[in-house]
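Report on the structure given below.
The values are calculated or read from the model by the stated rules, or taken from the named source; none is laboratory data. Model, not experiment: these values are computed from the prediction. Cβ placement follows ideal geometry from the backbone for every residue including glycine, while neighbour counts extend to all protein chains displayed.
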Amino acid sequence: MTENLTPLEVDALTEIFNIGIGRAANSLNQMVSQTVDLTIPKIEILPNIEAKQKLNFDSDMEISAVTQQFSGDFKGQALLMFSKENGLQLVSLLLGNKIPIEDLSELEQDSLVEIGNVILNACFGTVINFLQSSISIEMPEFVQGNINKIFTYSSEHDWSLYIKVKFSLPSENIAGHISFIMDITSLEIFQESVRKFVFGITSKSQG
Amino acid sequence: MTNLSNDILYATLNQLSVGIIIIDEQQRLVFFNQWLSDYSGMVLDEQEGNLLDDIFEQYQDSRLSGACESALSLGLPARLSHTFNPTPLPLYQKNFIGDKDHLIQQQISVKRIATNASTPLCQIVIDNVTHMVKKEQTLQKLADENIVQRQKAEIANQSKSQFLANMSHEIRTPINGVLGMLTLLADTQLSKTQHHFSTLAKVSAETLLNLINDILDFSKIEAGKLDIEKIAFNLTDSIAETVQAMAIKAQQKGIEVVVDTTALTQPLVVGDSSRIKQIITNLLSNAIKFTEQGEINIIVETTEQTAEIVKLDIVVVDTGIGIPTKKCDELFNAFTQVDASTTREYGGTGLGLTIVRQLCQLMGGDIAVKSEQGQGSQFSFYLTLEKSEKLNKPWQRFTEKPILLITTNQSNNKFLCKQLSLWGLDVVGETAEGEVLALCNKIANNDFSVLVLDESLDSSLLEAISNALFKNNSQHDKKVQLILLTSIDDSQSSISASVDLLGKNECLHKLPKPIISASLHQLLTSIFSSKSIVTDIVNPKSAKASQANQINESGEVRILLVEDNRINQEVALGLLRKFGYQADVAKNGIHALELLAQRQLSAPYKLILMDCQMPEMDGYQATIAIRTDNLYQASSQVSIIAMTANSMTGDQEKCLAAGMNDYLAKPINPNLLAEKIAFWLDN
Amino acid sequence: MSKTILVVDDSLVSRMMIKAILQSHVEGVDIIEAGSGAEALNKVDDNQAIDIALVDFNMPGMTGLELISALSEKLTIPKVALLTANIQNEIKAQALAAGVTFLNKPINEDVIASFLHN
């Protein structure tokens, strides 16, 4: 579904998010005692239904997520999602704790929100910088539940900019998922801004 | 919104229970509220317009500062939890301003205020989470302690199991020695006094064994370690066996025992037959103990049935000394007896009924007692059992002429009438002596298919009836049979001449009381089919034993006994000798394997009696070696019977899993031993 | 005097952005670009005169660090920099030991300027 963009435009989007995720990793490393590396294989733009399938969560599986709403040039919802166990594990490893029992305590939820905020902010940041977008972003929130609960505020007709993230820690790797959910209108505006950006680069490098 | 004047808004901000800082694009202070003032010791008027870097130490180049920068330039909101940096700002508990040991833990939100696009401001909101953190730490500690406690409990639980298993084994081993030796002693040449003493010793040992079993059961139940088996079995047979085993004692006291299982139309059930037998044995033993004359009735009824489940009610009623009504409630409490004098006179631990109730409850039921002093007792218990999938074969009905039934006991009479009519037979019963004559005429007239009389009937009555029958039979080809209901121990009774005559003419059958439906049906079937005249129905167990006694005479049979305890070796050898067998002895698994290897090509063993607990190599290991190791290939299929003092659930499975063929619990029951040896040698 | 700069990055857009900055900032620059370590080694002859190498750290196949090490066997490049958005401490230590500088992505004029004139 990334076919609405040319390969060059996909390349640009990938580079933008690579830089964003890289910056996020940098920030995280300064916050915590463990070394964390964040890597993303690729960017995909899909209908929400397909994105949900990519997540590969069973319908009754518990998901821990950090979400931030955004509006302006394009509007939607940003999500960073983990399976509940992965979320617990990530927090526990980064905090250097013994494993929390079964659920994230309220204060541990805050830690996950902070981590999610760093990552999503970094993505927003590079998007704003590179694409010159004007968007306003809301505070991050914690949400936990099954996949339907997480996706409550988006409709079946929305689209996702989906990125699978690998958190590489010394002891193990943890998988996370980022989704920027937008309706079709916002998505087209977003893609248009990517085209404009690439056009700008192309003309500059030819000049 | 226009109703709220600046003064009101200002006042509200200053009354908030969170801190608010507002900065401009250069991160200079625009405003902070009263809360922040209180917790920082700063005064707004003094700090307004200063760079935050200058106001708060450690702010410069901090994460908070970076977050404010991103908020102001890109509009990115930030959440800073307390975990990665608990004290980004120098805020202290009230009364401890400036004291680094009393910094408060902070949770911070940063957001741009973009009311005016050209002059963005940034708000920093601070929450004091010190208490929350403390609470969570306490909760965490409690949770950890909980886990530790649970682990300790688990270990204690396992120790308990281990203890019970060990105790069980340790106690049974010497008791096996005592009982075994006494059994062997009884078979030697003893004087009358010696025999008497050895009998008393044996009774004491058996009592001791019962006590220990009670205590072990009780401990197991208390520890939650008693498992109820789920195996298909015939309930009627189980009840019959139990009652038969105990009836002799009752009959010796002159007490009549009646077992009515007519309501059990579907006797095949799934459950724990040995535990059910244990309950009945306990109740019956009490009934016999506390009854001097009269009768004991065991009646089974099924009260509820679904396709899968049957609820059984079993009642044990006696005409004994009874229990004071107000003591009935305490009866099932552990360690209580009715009163001290009862204990002195009748003995007992007081555990029996407690265990009985616990067993009932474990089997989906309960038990209750109704009694009055001097008026006998009625114990009724119910169980919930699954029906077996196997089909119940219904009794074959009879179409013969009526049966003449004369007994001396009302309950027995009632039961027999009920059972016989369920089988399709009419019953004629007279007890009044005046009718004897009319009766004899009918008998002589071939009016009856079979006569059933109790041997304790008046002798003249018996004589008259026997004579009439004899006369009848001499006139007809088909001889009408007489079934005489006797007590189990028939040796003392004298048979009247006429009855004896019938016996000589093969028209007499003796059926020992208590009458078991199955035995009666079997007898009637063979009588009516007149294929083979069945002689006395003897106790099936003793039949097997005598059969066993005969086998040993043919050929040399090699048996290997593997047992480490010297006394138990002798017990086992002695019992084997009693049944005419000889055996080689190995003192542990290793020794056993050596002997096995030596003999396997020349004169291999046909049967191994394997003790389970032995030093160096135990029974399980030895068995596994025999079955799997190539060294013993020639003997790998030898029959192995386990002998074990372990009585925990799962031991039987453990033996079978190791490859043993059968299983005997210590103390060894001689008859059972003989049975099993006979069976496995035959194989 | 024209400078020859080797730019290696698996992202075309990234190479375009870097080229744009280089061309606007450096006079008479000659740029050799490659999309992977293998391609770079192919394009570069032994003892070719390359003044500056800007190598993306995170590439599939041969990493930036591995490429720099392979290049150093073929020729000597006076100024070498690894481009990355995230600098991990161990990698940083490795690189510094090999005499390699790190530049943060995205590259902008100031960063390039300070690197070139250092």
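Looking at region C:1-39 only, could you name the residues that are among the aliphatic types (A, V, I, L, M) and surrounded by fewer than 16 Cβ atoms within 10 Å (Cβ to Cβ)?
Once the filter is applied, which keeps residues that are among the aliphatic types (A, V, I, L, M) and surrounded by fewer than 16 Cβ atoms within 10 Å (Cβ to Cβ), region C:1-39 yields C:M1, C:I32, C:A38.
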Quiz item: How many of the residues making up region C:37-58 are among the polar types (S, T, N, Q) and within 14 Å of chain A (Cβ to nearest Cβ)?
Solution: 1
Quiz item: Looking at A:G200, is it touching a Leu at 6+ places or on another chain (Cβ under 7 Å) and in a helix (DSSP H, G or I)?
Solution: no
Quiz item: Within region B:142-157, can one find any residue that is surrounded by 10 or more Cβ atoms within 10 Å (Cβ to Cβ) and either over 40 Å from the mean Cα position of the chain (by Cα) or touching a residue at least 24 places away in the same chain (Cβ under 8 Å) (or both)?
Solution: yes
Exercise. Only one of these is over 23 Å from B:I276 (Cα atoms), surrounded by 14 or more Cβ atoms within 10 Å (Cβ to Cβ) and touching a residue at least 12 places away in the same chain (Cβ under 8 Å): B:K401, B:K387. Name it.
Key: B:K401
Quiz prompt | Looking only at region B:206-233, and only at residues there that are in contact (Cβ under 8 Å) with a residue 40 or more places away in the chain and part of a loop (DSSP other than H, G, I, E, B), the one that is nearest to B:S388 (Cα to Cα) | solution = B:K230
Quiz prompt | Residue, nearest to A:V127 (Cα to Cα), within region A:149-172, restricted to residues that are within 18 Å of the chain's Cα centre (by Cα) and within 14 Å of another protein chain (Cβ to nearest Cβ) | solution = A:V165
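How many of the residues making up region B:87-103 are touching a helix residue (DSSP H, G or I) at 6+ places or on another chain (Cβ under 8 Å) and either farther than 15 Å from B:F56 by Cα or facing another protein chain (nearest Cβ under 10 Å) (or both)?
Filtering region B:87-103 for residues touching a helix residue (DSSP H, G or I) at 6+ places or on another chain (Cβ under 8 Å) gives B:88-94, B:96-97.
Narrowing the set further to residues that are either farther than 15 Å from B:F56 by Cα or facing another protein chain (nearest Cβ under 10 Å) (or both) leaves B:93-94, B:96.
Residues meeting the conditions: 3.
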Quiz prompt | Residue count, region B:303-330 (criterion: surrounded by fewer than 16 Cβ atoms within 10 Å (Cβ to Cβ) and of a type outside the set (K, R)) | solution = 11
Practice problem: Please give the strands (runs of 3 or more DSSP E) falling wholly within region B:597-683 in which 3 or more residues are touching a Ser or Thr at 6+ places or on another chain (Cβ under 9 Å) and buried (at least 21 other Cβ atoms within 10 Å of the Cβ). | Solution: B:607-611
Practice problem: Examine region C:59-77 for a residue that is without any contact (Cβ under 8 Å) to a residue 40 or more places away in the chain, among the basic types (K, R) and either within 11 Å of another protein chain (Cβ to nearest Cβ) or closer than 20 Å to A:I19 by Cα (or both), and state whether such a residue exists. | Solution: no
Quiz item: Conditions: (1) in a helix (DSSP H, G or I); (2) hydrophobic (A, V, I, L, M, F, W, C); (3) away from chain C (no Cβ under 14 Å). A:A24 meets all but one. Number of the miss?
Solution: (3)
Practice problem: Please specify each residue of region A:132-148 satisfying the condition of being more than 10 Å from chain B (Cβ to nearest Cβ) and under 17 Å from the mean Cα position of the chain (by Cα). | Solution: A:V143, A:Q144, A:I147
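Results for (1) closer than 19 Å to C:G37 by Cα; (2) away from every other protein chain (no Cβ under 14 Å); (3) without any contact (Cβ under 8 Å) to a residue 24 or more places away in the chain; (4) exposed (fewer than 15 other Cβ atoms within 10 Å of the Cβ), shown as yes or no for each residue.
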{"residue": "C:K79", "(1), (2), (3), (4)": "yes, yes, no, no"}
{"residue": "C:T84", "(1), (2), (3), (4)": "yes, no, no, no"}
{"residue": "C:I91", "(1), (2), (3), (4)": "yes, no, no, no"}
{"residue": "C:A97", "(1), (2), (3), (4)": "no, yes, yes, yes"}
{"residue": "C:F115", "(1), (2), (3), (4)": "no, yes, no, no"}
Quiz item: When both residues are 6+ apart or on different chains and their Cβ atoms are under 6 Å apart, which pairs have a first residue that lies in region B:18-33 and is more than 13 Å from B:L91 (Cβ to Cβ), and a second that is among the polar types (S, T, N, Q) and assigned to a strand (DSSP E or B)?
Solution: B:I22/B:Q123
Quiz prompt | A:F190 vs. criteria more than 20 Å from A:N117 (Cβ to Cβ), surrounded by 21 or more Cβ atoms within 10 Å (Cβ to Cβ) and away from chain C (no Cβ under 14 Å) | solution = yes
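Would you point out which residue out of A:I163, A:I174 is in contact with a Leu (Cβ under 6 Å, 6 or more places away or on another chain), closer than 18 Å to A:A25 by Cα and aliphatic (A, V, I, L, M)?
So the residue among A:I163, A:I174 that is in contact with a Leu (Cβ under 6 Å, 6 or more places away or on another chain), closer than 18 Å to A:A25 by Cα and aliphatic (A, V, I, L, M) is A:I174.
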Practice problem: Filter region A:92-117 down to residues that are more than 8 Å from every other protein chain (Cβ to nearest Cβ) and modelled with pLDDT of 90 or more, then give me how many there are. | Solution: 3
Quiz item: Restricting attention to region B:106-123, and to residues there that are without any contact (Cβ under 8 Å) to a residue 40 or more places away in the chain and more than 13 Å from chain A (Cβ to nearest Cβ), which single residue is nearest to A:E141 (Cα to Cα)?
Solution: B:N116
Quiz prompt | Neighbours by Cβ (under 6 Å, 6+ apart or cross-chain): first from region B:516-529, part of a helix (DSSP H, G or I); second among the acidic types (D, E) | solution = B:F528/B:E400
Quiz item: In region B:62-77, is there at least one residue being of a type in the set (D, E, K, R) and away from chain A (no Cβ under 14 Å)?
Solution: no
Practice problem: Looking for whichever is crowded, with 16+ Cβ neighbours inside 10 Å, within 12 Å of the chain's Cα centre (by Cα), more than 26 Å from A:V10 (Cα to Cα) and aliphatic (A, V, I, L, M) here; the options are C:L71, C:L67. Which one fits? | Solution: C:L71
Quiz item: If we scan region A:173-186, do we find a residue that is away from every other protein chain (no Cβ under 14 Å), of a type in the set (G, A, S) and not in a strand (DSSP E or B)?
Solution: yes
Quiz item: Which of (1) more than 9 Å from chain C (Cβ to nearest Cβ); (2) in a loop (DSSP other than H, G, I, E, B); (3) more than 24 Å from A:S193 (Cβ to Cβ) is the odd one out, the single condition A:T35 does not satisfy?
Solution: (1)
Quiz item: Which condition breaks for A:Q30 when tested against (1) assigned to a helix (DSSP H, G or I); (2) buried (at least 19 other Cβ atoms within 10 Å of the Cβ)?
Solution: (2)
Quiz prompt | Which listed residue, of B:A597, B:A592, B:A625, B:A603, is more than 31 Å from the chain's Cα centre (by Cα) and within 15 Å of B:I641 (Cβ to Cβ) | solution = B:A592
Quiz item: Is there a residue being buried (at least 16 other Cβ atoms within 10 Å of the Cβ) and either modelled with pLDDT under 80 or closer than 30 Å to A:L169 by Cα (or both) anywhere in region C:40-52?
Solution: no
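Hey, among B:Q162, B:Q140, B:Q149, B:Q158, which residue is assigned to a helix (DSSP H, G or I) and within 11 Å of chain A (Cβ to nearest Cβ)?
One residue alone meets the criteria, B:Q140.
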Practice problem: Six or more apart or on different chains, Cβ under 9 Å: which pairs go from a residue in region B:284-312 that's more than 26 Å from B:V270 (Cβ to Cβ) to one that's of a type in the set (A, V, I, L, M, F, W, C) and part of a loop (DSSP other than H, G, I, E, B)? Could you list them? | Solution: B:F290/B:I321; B:F290/B:I323; B:T291/B:I321; B:E292/B:I321
